[in-house]
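Please treat every number below as a calculation from the coordinates, not as lab data. Worth saying up front: this structure is predicted, and the values here are computed from it rather than measured. Using ideal geometry, Cβ is built from the backbone for each residue, glycine included, and neighbour counts are taken over all protein chains shown.
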Amino acid sequence: MATILSVSGSPSATSRTAQLLRHLDTRLTARGHEVIPLDARTIPAEALLGADPRHPAIVEVTELFARADGVVIGTPVYKAAYSGLLKSLLDLLPQYGLVGKTVLPLATGGTTTHVLAIDYALRPVLSSMGAAHIVQGWFTLDKDIVVGADGALTIAPGPAEALAQVVDQFAEALSSRTALPAAVGRAA
Ligand SMILES: Cc1cc2nc3c(=O)[nH]c(=O)nc-3n(C[C@H](O)[C@H](O)[C@H](O)COP(=O)(O)O)c2cc1C
C-alpha cells in the first residue's frame with residue numbers, strides 16, 4: 001500500500017478540479033492505497049503569500065508531502081498555465097520536495113487550446129523538484145465535469161475512461177515501486 005497526497009490547486013469554493021480529484025481518490029483507495037486529500041485553498045493566505053516556510057500550516061503541508069509515496073497534482077488552467085495558488089504552495093516546499101515520488105499531473109480547463117498546459121507548464125516544475133516518475137497526465141474540459149444538484153459528479157464517458165486509465169497507471173506505478181525488494185531499493 002502506498003500513501004498518496006491528492007492536491008487540488010484551485011482557489012474556487014466550487015472547484016470542479018477539487019471535485020474531480022475527490023472522485024478519483026475513491027478509485028485509488030479502492031486499489032488499496034491510503035489517500036490524503038489536500039485543497040490548497042484551505043491553507044491560510046498569510047502562510048502562502050507571506051512565503052514563510054516556518055509557518056505551522058506550511059510545516060504541516062511539507063510533512064504531508066514528505067510522507068507521501070505518490071502525489072496527485074490537480075490544477076485549473078489559468079492564463080494558459082497552472083494556478084497561482086498551486087505555484088505559491090509549490091514555491092514553499094523544499095527545492096527537491098518531490099524526490100523519490102511518483103506524480104500524477106491533472107488539469108481542467110475551459111478550452112482545448114491549452115490542452116498541453118500540463119506538459120509545457122506543470123511538468124517542468126515537477127521535474128525541477130526531483131519527482132522520480134511523472135506518469136502520463138490528463139487534461140479534462142470543465143464542461144465534461146458535471147456536478148448535480150445532489151452533489152454527485154458525472155464525467156463525460158470519453159474523459160471518464162481516459163481518467164480511469166491514467167489513474168490506474170499511476171496506481172500500478174506506485175504498487176510496483178512499493179513492491180520492490182528492500183535490497184533493490186537500497187541499490188537504486
Ligand atoms: C482566472 C481564470 C483564468 C482562466 N484561464 C484559462 C485558460 O487560459 N485556458 C483554459 O482552458 N481555461 C481557463 N480558465 C477556465 C478554467 O481553467 C476552467 O473553468 C477550470 O475547470 C476551472 O477549474 P476549478 O473549477 O477547479 O477552479 C480560466 C478560468 C479563470 C477563473
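Some notes on this structure:
- Distance between the C-alpha centres of segment 109-135 and segment 26-55: 19 Å, rounded to the whole angstrom.
- For the pair residue 164 and residue 1, the difference between a 0.36 nm per residue extended length and the Cα-Cα distance amounts to 56.8 nm.
- Fully extended contour minus Cα-Cα distance, from residue 176 to residue 46, at 0.36 nm per residue: 42.9 nm
- For residue 49, neighbours were defined as the other residues whose beta-carbon sits under 14 Å from its Cβ, and their charges (Lys and Arg +1, Asp and Glu -1) total -1.
- Lysines with Cα under 24 Å of residue 143, excluding same-chain neighbours fewer than 8 positions away: 79
- Summed side-chain charge close to residue 174 - residues other than residue 174 whose Cβ falls under 13 Å, Lys, Arg +1, Asp, Glu -1: 0
- Each residue in 16, 27 was given a count of other beta-carbon atoms within 10 angstrom of its own, and listing them fewest first yields 27, 16.
- Positive-pole candidate from 33, 45, 127, dipole of segment 32-188, charges at beta carbon: 127
- Beta bridge orientation in the chain: antiparallel %, DSSP, nearest 5: 15 percent
- Spin-label model distance (nm) - residue 95 vs residue 64, 7 Å beyond Cα toward Cβ: 2.6 nm
- Pairwise label distance in nanometres, residue 112 with residue 57, each label 7 Å out on the Cα-Cβ vector: 3.9 nm
- Mean Kyte hydropathy of 1.6 or more with a Cα span along the axis of at least 15 Å, helices from DSSP in the chain: none
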